[in-house]
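The values are calculated or read from the model by the stated rules, or taken from the named source; none is laboratory data. Since the model is a prediction, treat every value here as computed from it, not as a measurement. Cβ: placed from backbone, ideal geometry, glycine included. Neighbour counts: every protein chain shown. Calculation scope for accessible area: heavy atoms of the full protein, side chains included, ligands and nucleic acids excluded. Shrake-Rupley method; radii C 1.70, N 1.55, O 1.52, S 1.80 Å.
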Amino acid sequence: MRAPAPAWAASLNEATIEAARRAIGAALTDAVEVAGEVQLHVTRDGLVAAMTALRDKPGLEYQQLMEIAGVDYPDRAERFEVVYCLLSLTRNHRLHVHVPATEDTPVPSVTGLWPVAGWLEREVYDMFGVLFAGNRDLRRILTDYGFRGHPFRKDFPLTGYTELRYSEEQKRVVYEPVKLAQDFRTFDFMSPWEGAEYVLPGDEKAKLPEAKGAPSPVTATQVQKADAVASDKAAPPAPSEPYAKKDAEGTADTGAGKPHPHAGEGNEK
């Protein structure tokens, strides 16, 4: 039985970089340690061979592909980077493999090494527009049908290009270009913590005194002042409304010991 995985995998970074240099060769353009993790920068043409070596070579043995992420650098000639996150179970160690890409240069698919990469590559394609050569089902996976553009690109507008709504005339959901009406909008750059100077509809109600007993964070003194203010208030309903027409004003009016005023009517034969 092999020795258990080391408890502190950070001590393997230097040995991992040296082993990766020997296994990958010329396809490895750079190998650095950033924030305690190993980053391997690999060429597109040598990606599949490099990933095979990282998975199978003794001393590396990164069996699992945990994630594929995309990064957008608009100022670079090759603006995208595809980042593969690998995990070695036997060595208790992780590393990242970075591959540059553009809109027109497909990255070789690694679905032949890890079938789970099919879904992960579709996410990167959907969000960034990076193509993967060899992926047999490269379709959008997160956005809707007919969606245009790639939302994670840094030049993608926050509002998108299209909007959808339900059309009562066509009895279905329709897609339309985004329309932003600016004529009736006002913009201010005041911090919300400083307090807004404009008055929103309904704010004038906050200046009126509330009726006594109304839920309000006001003090007892303010409640007394509000109770003294003359204003139109609805009369409290009768206890048995809508059946009662008038409240009883005393015990003598409850009808105790008095015959009903209409007693006997309708009982004569």
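At-a-glance table
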| quantity | calculated |
| --- | --- |
| Residue list for segment 52-93, filter: of a type in the set (Val, Ile, Thr) and in contact with a strand residue (DSSP E or B) (Cβ under 9 Å, 6 or more places away or on another chain) | 68, 71, 82, 83 |
| Scan of segment 60-105 for residues that are among the β-branched types (Val, Ile, Thr), farther than 18 Å from residue 48 by Cβ and either at pLDDT 95 or above or open to solvent by 40 Å² or more (accessible area, probe 1.4 Å) (or both), ordered by number | 71, 90 |
| Residues within segment 22-42 that are crowded, with 16+ Cβ neighbours inside 10 Å and on the phi > 0 side of the Ramachandran plot, tallied | 0 |
| Subset of segment 144-167 [open to solvent by 70 Å² or more (accessible area, probe 1.4 Å), over 23 Å from residue 102 (Cα atoms) and in contact with a Lys or Arg (Cβ under 8 Å, 6 or more places away or on another chain)] | 163, 166 |
| Check on residue 100, touching a residue at least 40 places away in the same chain (Cβ under 8 Å) and in contact with a helix residue (DSSP H, G or I) (Cβ under 8 Å, 6 or more places away or on another chain) | no |
